[in-house]
Amino acid sequence: MNSFFERRYIIQGIFIIMALGLLTRLFYIQIIDDQYTLSANNNVIRKVIEFPSRGPIVDRMGKILVQNDLIYDIMVTPRLVKPFDTLKFCKLIGIDKEGFYKRWKKAMSYSRNLNSVFEKQLPVALYQAFQEHLFEFPGFFSQLRTVRTYPDSVAAQFLGYIGEVTDKDIEQSNAYYRPGDYIGRTGVEKAYENLLRGQRGVKNIYVDSKGVSKGSYLNGTYDTAAVSGERLTSSIDLRIQKLGEKLMKDKVGSIVAIEPSTGEILCFVSAPTYDPNLLVGRERGSNSVKLNQNPYNPLFIRPIMAYYPPGSSFKPLNALIGLQEGIINPQTTFYCSGVYWAGNHPVACTHVHGETNLTLGIAGSCNVFFDNVFNKLINLNGYKNIEQSYIDWKMRVNKFGFGVKLNIDMPNERKGYVPSAAHYNKVYGARHWNANTIISLGIGQGELLATPMQMANIECIIANHGFYYKPHLIKAIGDKKIIKNEFTQKNDVGIDGQYFEPVIEGMQQVVENGTARGSKIPGIIMCGKTGTVQNPHGKNHSVFVAYAPRDNPKIAIAVVVENSGQGAEWAAPIASYIVEKYLKDSTTTRPSGRTITWLREQNLLPELKTDAENKQRNAKSDSLKKAIRDSIKNKDRLKSVSHKIKRPQNGQLAAIQLKRKDHE
């Protein structure tokens, strides 16, 4: 009996302890901890995401390049939607009934209980008309956002554009992004996404059964404020950017201008261009399709993605390597008879220059002089060590930024191409090639390829007498004007400063008395080099590289105008106007008579081929490739080119008709 009573008290004690525990927990939940109150009220509290303003981008003088406009997204929570007038709804937001059901299906597949975007980017005027009737559509509400706007409609490829995130973007961001968010897709918008996007905020709002807001929950205790993105100060000068885009109207090509003393990119023109406002708003999708279908490919970022043989603009680089290696000096001369004989393969020169030294060779763009320099470089360590000599030469060229990425602050940069020794071993066989086999590299032709950005950077190196700063598009971040440390580091190319003066003298003579004299700028000493790059698909490309002034240089530039002819005709005058506008903030007439208005009005867009012509061209190209492969396979490439040409005796040169390898 005693045992029974003892067990009864034990059981009663257990129940009392459990009851006290439950009462204590209820007191804590209802009186002390507000989290459970919030959880209980989730069905009447709406979490509204507050999207931050994306950081503005300004030019180097503080002029706005891109800023934000207010828009509204229409959001939906399918579980809360009740029957309503769909035709009226569609009319108010500007969609058809088919579009409505397409959006509804997408929202339902995402989640019945979670918010998602139903219609994007309603402009303020359209939203104001819709807002008056919003209470008629339970389950729908609005979300304030911002989109980009471009006051001057310039620098599209430089600035880039934003687009809606994909599932991959969401996954890679560790769920920072949500469906309906926007992210930088190209250009500066992509490169500086983490700084531009800012930080989202959250606002908790009481709503009634119709979804109408009844004020903030708990006076905003659980709200978080949105933080705007950082302001970016770009290095672009809006004055010359606008001028550059005008001069390149109806043309294909690039303009890149850099400040040598900092590496700041002053002008970044990719032509043809487009109005960046086309990729904003509700018509973005259709406009994007049109731009992608444009045969001239305006979305292609030519300054950092297009490849061209550098042509004669490469000659100063080879001269500097030759000087550093000690195989030539400023007084070294080679006799130019109008042709350089690479074995029994002729390479034509622009003229018969006679006895030519380094400065005259650059001023006259003498192919013979620079082929001799290249020959000496590749034979520097003897015939048995040609492969190693070539590897050493390639290494020096790479240090100038050719064949490697400059790693500018922009995505999709390409590195150009400087062929490796392994490439030539594969093509010709080990020990079956020499300097004469690849002689075209001596004058910037052959397999050598570079981007306009790399060409402009070479001019910075020459202007600085042997070093460069990494080219970059953003010069300062935020109100504190933070500069990335990597942009303040000198990159030495391994050429002693003393070797630059004879090269620079020759480049000055190109503008003063040579091929670019028609683009001479009154009162400004500009050092430059024209080039005419061979193009197998049409007219040659016009190229001009330069820097100015000679002393204390302020701007280095590269201009490429595709399918237009000689460098002096198009690229040089365009470059000269950009340089003058930057240095003087005004422009004057040119000895050539080519005015800004005249250049702007010329249409040099290549004629588009019909489908039949494209098929015929592709067939010819395939035949040519096959012939080349067969020739290489038989190790007979040089012989097939020159077996009918015999080395002339003295006095016979005038009778030989040779194809020009490089016009300047």
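Bear in mind these aren't lab numbers, they're just calculated from the coordinates by the rules spelled out. Remember, predicted model here, so these are calculated numbers, not experimental data. Methodologically, a virtual Cβ is constructed for each residue, glycine included, from the backbone with ideal geometry; neighbour enumeration extends over all protein chains shown.
Data overview
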item	result
Relative frequency of Cα-Cα separations exceeding 19 Å in region 210-361, percent	76 percent
Debye equation applied to the C-alpha atoms of region 363-516, log10 I(q)/I(0) at 0.17 Å⁻¹	-1.13
Part-to-part distance (alpha-carbon centres) for region 274-332 and region 574-588, which is given in Å	21 Å
Packing-based order for 595-608, 409-422, 569-582, using average beta carbon neighbours within 10 Å, highest first	569-582, 409-422, 595-608
Charge dipole magnitude, Cβ of K and R +1, D and E -1 - the chain, Cα centre, debye nearest 20	1560 debye
Contour minus Cα-Cα distance for Ser420 and Tyr307 (0.36 nm per residue)	38.9 nm
Packing rank of 505-517, 454-466, where each peptide gets the mean count of other beta carbons within 10 Å, highest leading	454-466, 505-517
Computed E for Lys484/Asp85 - FRET, C-beta separation, R0 41 angstrom, nearest 0.05	0.15
Long-range HN-HN contacts of Asn68 with modeled amide H, under 5 Å	Thr149
Sites Phe135 and Gln199 - FRET efficiency at Förster radius 30 Å, r taken between beta-carbons, to 0.05	0.40
Amide N of region 156-180 lying under 17 Å from the label point, which is placed 7 angstrom from the Cα of Val227 along Cα→Cβ	176-177
Spin-label pair Leu291/Val124, simplified geometry with 7 Å Cα→Cβ offset, distance in nm	2.5 nm
Nitroxide proxy distance, nm - points 7 Å out along Cα→Cβ at Leu23 and Lys554	8.7 nm
Computed E for Ile64/Ile391 - FRET, C-beta separation, R0 60 angstrom, nearest 0.05	0.75
Over region 175-288, relative contact order from alpha-carbon pairs under 8 Å, at least 6 apart, %	16 percent
Antiparallel bridge percentage (DSSP; both residues within region 47-234; nearest 5)	95 percent
Inter-label distance, nm, simple model (7 Å from Cα along the C-beta direction), Glu355/Lys584	4.0 nm
Mean separation of Cα contacts under 8 Å, 6 or more apart, over the residue count of the chain: relative contact order %	13 percent
Net lengthening on full extension, Tyr101/Tyr335 (0.36 nm per residue, minus Cα-Cα)	76.3 nm
Packing-based ranking, highest mean first, of 354-367, 532-545 given that Cβ atoms within 10 Å are counted	354-367, 532-545
Percent of beta bridges antiparallel (DSSP, the chain, rounded to nearest 5)	95 percent
Vicinal HN-Hα couplings computed from phi for region 320-336 (Karplus, 6.51 cos²θ - 1.76 cosθ + 1.60; Hz; Gly/Pro x)	5, 5, x, 5, 5, 6, x, 7, 9, 9, x, 9, 4, 10, 10, 8, 9
Residues whose placed amide H lies under 5 Å from that of Ser142, excluding near-sequence neighbours	Met75
C-alpha center-to-center spacing [region 414-485, region 63-139] in angstrom	51 Å
Other-chain or far-sequence residues with amide H under 5 Å of Leu266's (modelled H)	Ala257, Ile258, Glu259
